[in-house]
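Below you'll find the structure, written out as structure tokens, and then a few comments.
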Amino acid sequence: MRLDAQRLLSVLRLPARLTLDEAGYLLGFHPEGISFLVPAKILEPLGDPPEGAPLWFAAAQIMQLRTDQKWLSKATKAVRLHIREKNEKAKAKRGKPNPLVDSGDRVVSGGRCAIH
């Protein structure tokens, strides 16, 4: 467990606002997952922040959501689908033929083929 996480769990009272990392830790999501839940309208930050601004969350809401099994299931499914789509896009991008490489292991450079 990271020191920040230990410190967060050891406080007697949470601060009223939590950072993205703190909210993620308390909800059991990686910060990237929390970042996805906001534009997906599954988790709402405080103050309607502009794009690129730090996100803050109400500790009371986070503590309520962490005990809501239906919300956790919905959020988990949404993050899992987001990760799957992201991985499929990356895989498709890698799967596109490289114009510098023809079939097999031969790299085409300057009209000559070098075997790797």
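Quick note: the coordinates plus some simple rules give every number you see, no bench work behind them. Just so we're clear, the structure is a prediction, and the values are computed from it rather than from any experiment. In this analysis, Cβ positions are derived from the backbone assuming ideal geometry, glycine residues included, and neighbour counts consider all displayed protein chains.
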Would you please name the residue that is farthest from W71 (Cα to Cα), looking only at residues in the stretch 7-60 that are among the charged types (D, E, K, R) and touching a Phe, Trp or Tyr at 6+ places or on another chain (Cβ under 9 Å)?
R17
Hits in the stretch 52-71 (condition: surrounded by fewer than 10 Cβ atoms within 10 Å (Cβ to Cβ) and within 16 Å of the chain's Cα centre (by Cα))
G52, P54
Every listed condition ((1) surrounded by fewer than 16 Cβ atoms within 10 Å (Cβ to Cβ); (2) out of contact with any Leu (no Cβ under 7 Å at 6 or more places or on another chain); (3) of a type outside the set (D, E)) holds for P49 save (2)
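Residue under question is G28, and the condition is that it be more than 17 Å from the chain's Cα centre (by Cα), surrounded by fewer than 14 Cβ atoms within 10 Å (Cβ to Cβ) and on the phi > 0 side of the Ramachandran plot; does it hold?
On the way: more than 17 Å from the chain's Cα centre (by Cα): no; surrounded by fewer than 14 Cβ atoms within 10 Å (Cβ to Cβ): yes; on the phi > 0 side of the Ramachandran plot: yes.
In short, no.
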